[in-house]
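Single-structure report; data block below.
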Amino acid sequence: MAKILLIEDDEILQAMYRKQLQSAGHQVTTAHDGRTGLDLAQSHHPDLVLLDVMLPGGLNGFDVLEQLKNDPKTKDIAVLILTNLETEEKVAKQIGASGYLVKVKTRPDDVIAKVTELLSKV
Amino acid sequence: MEPVAQNGHFSYTSYRMNIYKAGVSRVKEVCESTFEIEFDLSPDLIEFKAGQYVWVQIPKEIDDPKGNIRAFSIVSTPDEKNIRIVFRKGTSNYKKHLLTLRPDEKVLIFGPFGFLNIPAQSDIPVVFIVGGVGIAPFMSMVNHATQINSKQQVRLIYANSRKESAPYLEQLQDLKSRNSSFDYVNIFGKVSWQDIEKVSRKLRTPSFYVLGPETMVKSVAAYLFKHGVANHRLVFEEYSCSKESLKKTGALKIVNDQVFKLAVQSAFNHIVITDLDGTILYANSAASHMTGFSTLEMIGNTPRLWGGLMNHSFYKNLWTTIKAKHRTFLGELTNRHKDGTFYTARVRISPIIDSANDMIGFIGTEEDITKEKEVEKLKDEFVSIASHELRTPLTAIDGLISMVLDGEYGEVDKNLKQPLEDVNTSSARLIHLVNDLLNLSRIQAGRMKYTLSEFSIADVITETVQQLEPLFTKKGLRLTTERLKKVRVRGDSDKVKEVLNNLIGNSLKFTDKGGVTVSLKVTGDKVHIFVRDTGIGIAKKDQSKLFGNFQQLESGAGRPAGTGLGLHISKEMALKMGGDIWLEKSDSGKGSTFAFSIPKS
């Protein structure tokens, strides 16, 4: 029931998360890199952004997160970091992420559960 | 004793300085005020020869300003257990004592020192630089040679601290008048390079034999090395009045031993020998090659020439190990080549102990491991990157199979259910293995980050239990907590969760009925957390292997496999946080209780 922006560069994972989110009833827009993701955040006004950290093209997930939080138009959008880096949770939360999940340790239902939890807080 | 080595112009025996207990067996007055004393060294078999000299120490307080030890030349060795020395009776208390010793009053004899043949056929010029009592062996030597070979130029620099007390001057004058190829100069005071240069300048590449007190030998050696006199043209002998200095000279004797030089000079590894103060006495060519400094630059200097770059506690540990504990120090350090570049070396430093069990110096070997370290670093980085890269496809496999089994892609044919579930289990295990590899490589590279904070341990336990409960329910087992007192601890909460996950996860794996209970207890300044299960237990014989790397108990029937890294990683983490982890209680068929501790805040 919500608009979700998924920024993830791996094709297969992108398709997987999109399917999970669509099954749960959400509308999903996708991007492969930070630049495109930021543009889509501006144009589509999603309710939640699922953000990978290791991204191609010069902007990594933390850069994107920072820019989202610095722009008055996008600063209130909840951001859930979806990454395989285990050690950066505190940094991410400091920059303004609302959640931090380690992909390889989180099963699909748990991803959906967290999304639901964050959407309910908006 | 046969000569051990000959280097063309000197032939001499290799010897070891020993200390003997001896009693006087005979005193004879050979002529007016000249006495001959025979010392009985039995039951030791002596290695002395006439012409060598020894130090004789009377082991009691005697009122003599020169102390209780003197050097004497050995005149003869009537059988292998006795030596005879001759001296002129003087006014010294020492000599008085010596003449009145009873046979049961033992003296200490140090030696042998000094014995050289002036070879009959050689024509290489020789310069003897002799200080004080060192003249005695020189005279012994000369007296034993039939005559000084007329082809060979022999010079003597005879240094004395006091003009009046120079013995043998008459004999020297006599020797000079009988041999046109011999000359000597008597010097009062310290031997200078000018003295040496003046005497040796007219000789064609002479060899040098230096004998005298430690200070004299060291300073003459320094001049000779500095002026490029090659190692094989030098022989040194030191002697001194105190046992301390006798100890110090031991190392110098070793490095002058020809056999030693042959063996060590061309060794593959950097080898350096120092005296007890760390002054370099010897360095082989590999050492020179590795450090960039020539042996001349190194001798007389200390290893700080290319080292000294580590922190204070490193050196403290080094000295304690070799000096206080007399043990070999093994470590890795950073060195600086003469050209300024840095390299990493594995170093082993051992104390050199002589036959009297005294420490006389140190021997250090170094191996350049810069390449090795680079490869290790690359390996660590590779494992780290690979482990991370592996996570992406693993996430996909694990996630997609879960979704297929959940019916996201349509109803699953019942024939496919089991194999897909097996794939799911396998991928979960694979993820676990990759995690362990990544953790292990981080631990080994020292890159595991610990962020310490204060938190309630009960909260962390409750949270972890909540997360793991569904897995227990699925297997029909209980997961409970008891007596969770409100106490705060200091540690990295994520790592504590990992340890709990590991222990509870292990219990889950090895339990088929009953369940797992987590409890805690405050013990002194630490909090102990217990994970108790009603599982299959661990046999006593297997218990010692639990926390090692890749330890896995032999899989019996129904025993699930693990990566074998979990407990090892948990132990590292517990230790790093100031706690520990152990098996509290267990036996075959009786369940297990694991425990770990963490400091109270």
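The values are calculated or read from the model by the stated rules, or taken from the named source; none is laboratory data. None of the values given here were measured: they were computed from a predicted structure. FYI the Cβ positions are ideal-geometry reconstructions off the backbone, even for glycines, and counts take in every protein chain you see.
A few remarks follow.
- Unmet requirement for A:Gln14, which otherwise passes all of (1) modelled with pLDDT of 90 or more; (2) closer than 19 Å to B:His388 by Cβ; (3) assigned to a loop (DSSP other than H, G, I, E, B): (3)
- For the range A:69-77, the criterion of a residue being at pLDDT 90 or above, away from chain B (no Cβ under 14 Å) and touching a strand residue (DSSP E or B) at 6+ places or on another chain (Cβ under 7 Å) is satisfied by at least one position.
- Selection of the range B:385-418 for residues being more than 7 Å from chain A (Cβ to nearest Cβ) and outside any helix (DSSP H, G or I) yields B:Asp406, B:Gly407, B:Tyr409, B:Gly410, B:Glu411, B:Val412, B:Asp413.
- Given (1) within 14 Å of chain A (Cβ to nearest Cβ); (2) at pLDDT 90 or above, index of the condition B:Asp339 fails: (1)
- Segments classed as strands (runs of 3 or more DSSP E), wholly inside the range B:431-496, with at least 3 members that are free of Cβ contacts under 8 Å to residues at least 60 places away in the same chain and away from chain A (no Cβ under 14 Å): B:478-482
- Test: A:Leu119 is closer than 21 Å to A:Gln20 by Cα, under 14 Å from the mean Cα position of the chain (by Cα) and either away from chain B (no Cβ under 14 Å) or assigned to a loop (DSSP other than H, G, I, E, B) (or both): yes
- Subset of the range B:369-384 (residues that are away from chain A (no Cβ under 14 Å), assigned to a helix (DSSP H, G or I) and either farther than 19 Å from B:Gln444 by Cβ or not basic (Lys, Arg) (or both)): B:Thr370, B:Glu372, B:Glu374, B:Val375, B:Glu376, B:Leu378, B:Asp380, B:Glu381, B:Phe382, B:Val383
- Residue within the range B:154-173 that is in contact with a helix residue (DSSP H, G or I) (Cβ under 7 Å, 6 or more places away or on another chain), at pLDDT 75 or above and more than 30 Å from B:Gly300 (Cα to Cα) present: yes
- A:Lys93 vs. criteria away from every other protein chain (no Cβ under 14 Å), free of Cβ contacts under 8 Å to residues at least 60 places away in the same chain, surrounded by fewer than 17 Cβ atoms within 10 Å (Cβ to Cβ) and among the basic types (Lys, Arg): no
- Test: residue in the range B:511-533 that is over 25 Å from B:Ser456 (Cα atoms), surrounded by 20 or more Cβ atoms within 10 Å (Cβ to Cβ) and modelled with pLDDT of 85 or more: yes
- Residue match in the range A:49-68 (condition: away from every other protein chain (no Cβ under 14 Å), surrounded by 15 or more Cβ atoms within 10 Å (Cβ to Cβ) and closer than 18 Å to A:Asp109 by Cα): yes
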